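The values are calculated or read from the model by the stated rules, or taken from the named source; none is laboratory data. Source: prediction; values computed, not measured. Methodologically, a virtual Cβ is constructed for each residue, glycine included, from the backbone with ideal geometry; neighbour enumeration extends over all protein chains shown.
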Amino acid sequence: MTTIVGLAAANPGQAADAQRSEAGELQDGTAVEAVTLSNAAGVSARVLTYGATLQSLTASDRDGRPADITLGYDETADYEAFPNYFGVTVGRYANRIAGGRFTLDGQTYQLSQNDSANSLHGGAQGFDKRNWRIVEVASGPVARVVMELESPDGDQGYPGNLTARVTYTLDDGGDLGILFEATSDAPTIVNMTNHALFNLAGVGAPQGAMDHWLMIPASTFTPVDETLIPTGELAPVAGSVFDFRHPRPVEDGLRNGSNPQIVIGRGYDHNWALDKGRTQEPGLAARLVHPASGRVLDVLTTEPGIQFYSGNFLDGTLVGKDNTVYRMGDGIALEPQTYPDAPNRPSFPTARIEPGTPYRHHMIYRVAVMPSDLEAEQAN
């Protein structure tokens, strides 16, 4: 496995803190709350109840200078007014389902279609557009906030009364854990993840995230058709611009028009089939490195896939944090998941759950720094 030697983390034994606060209102007057998790190493995460959203993740560079490394909005109201999935919890089903339709036990279900004919990220009123309920906030060796949401039978077309829960945790070493859990009273499908877009250079960095280096430990990926639905094939990454088994710049291959998959996605917007598969404990799914600042982000997951999206549809129409106009490539998403359209692809890992077999996905955003200005090649 590819490793980076000498990563610096916090000293063990320090407590982490959780602080609850008001965070404005939605258009209908519903109050939104925020919980800020922080540790002694200067890592902090602010989570909104609206969309169970990771509004910010702050981490220091190699010189100790903190910066928010996620795209998003400064004001809660903007997440409702200008939705773009920044940092939100997506569900019931992250990514795309072809035609917004799937069959379960002989019955066909028609879902909300919000991506042309397809269903994307749970539909027009997915989990990202709900105000979650806080059920627990705690400080300690690991600070945490637990949020819950009830999704009734038929919600966006999905079967089963579903209770969804998201737990954010922060320890003193820089691990921001996100645990997704769900129970249903009938067979259904679930695929939840976080949709943070990262720029490790920090909010407003003019070069965006294209100078970052990325590693994904996956030998295959799932090619897509012109509507970004997987064809069902597991294609080898070897010899292609989709080979990130060794770290290389994000921008390398991003505009390679000789690859039809890059043309279809307007860049990278694909699922990688992780070599580790689905696991009981979170395993490494991606490593993102910003050599100039020394910031490193590891993404770990129990799920079998990860969607790498290079911010291709950011078109300058959204004004985000610190009055930054977001353009193509200003941030990238690394979304651990079950494969897109898995309910319609029996060969893909299943997204089905039963009343007696609840859904569980544990992912981690792990932040660290390289202690010196190493060349990205030294990340091998």
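Evaluation of P141 against the conditions (1) in contact (Cβ under 8 Å) with a residue 40 or more places away in the chain; (2) buried (at least 18 other Cβ atoms within 10 Å of the Cβ) shows that the sole unmet condition is (2). Every test in (1) in contact (Cβ under 8 Å) with a residue 40 or more places away in the chain; (2) more than 15 Å from F86 (Cα to Cα); (3) surrounded by fewer than 24 Cβ atoms within 10 Å (Cβ to Cβ) is passed by G320 save one, and that test is (2).
The residues of the stretch 85-101 that are within 16 Å of the chain's Cα centre (by Cα) and closer than 12 Å to L120 by Cα, listed by number, are Y85, V90, G91, R92, Y93, A94, N95, R96.
Modelled with pLDDT of 95 or more, within 21 Å of R327 (Cα to Cα) and of a type in the set (G, A, S): does that describe S119? Against the criterion (modelled with pLDDT of 95 or more, within 21 Å of R327 (Cα to Cα) and of a type in the set (G, A, S)), S119 does not qualify. Just to be sure before I move on: is L234 more than 20 Å from G311 (Cα to Cα) and more than 19 Å from the chain's Cα centre (by Cα) in the structure I sent? Answer is yes for this residue. Residues in the stretch 281-327 that are in contact with a Phe, Trp or Tyr (Cβ under 9 Å, 6 or more places away or on another chain), in a strand (DSSP E or B) and among the hydrophobic types (A, V, I, L, M, F, W, C): A285, A286, L288, V289, L297, V299, L300, I306, F308, L318, V319.
Scanning the stretch 165-208 for residues that are over 20 Å from A67 (Cβ atoms), in contact with a Ser or Thr (Cβ under 6 Å, 6 or more places away or on another chain) and not β-branched (V, I, T) turns up G177, L179, N191. Only a single item in (1) surrounded by fewer than 23 Cβ atoms within 10 Å (Cβ to Cβ); (2) touching a strand residue (DSSP E or B) at 6+ places or on another chain (Cβ under 7 Å); (3) touching a residue at least 60 places away in the same chain (Cβ under 8 Å) is not met by D341, and it is number (1).
In summary, G311 fulfils each of the numbered conditions (1) over 16 Å from the mean Cα position of the chain (by Cα); (2) modelled with pLDDT under 95 with the single exception of condition (1).
Step by step: first the residues of the stretch 102-138, then only those that are outside any loop (DSSP other than H, G, I, E, B) and touching a His at 6+ places or on another chain (Cβ under 9 Å), then the one that is farthest from E33 (Cα to Cα). Which residue is that? Taking the candidates together, the pick is D115.
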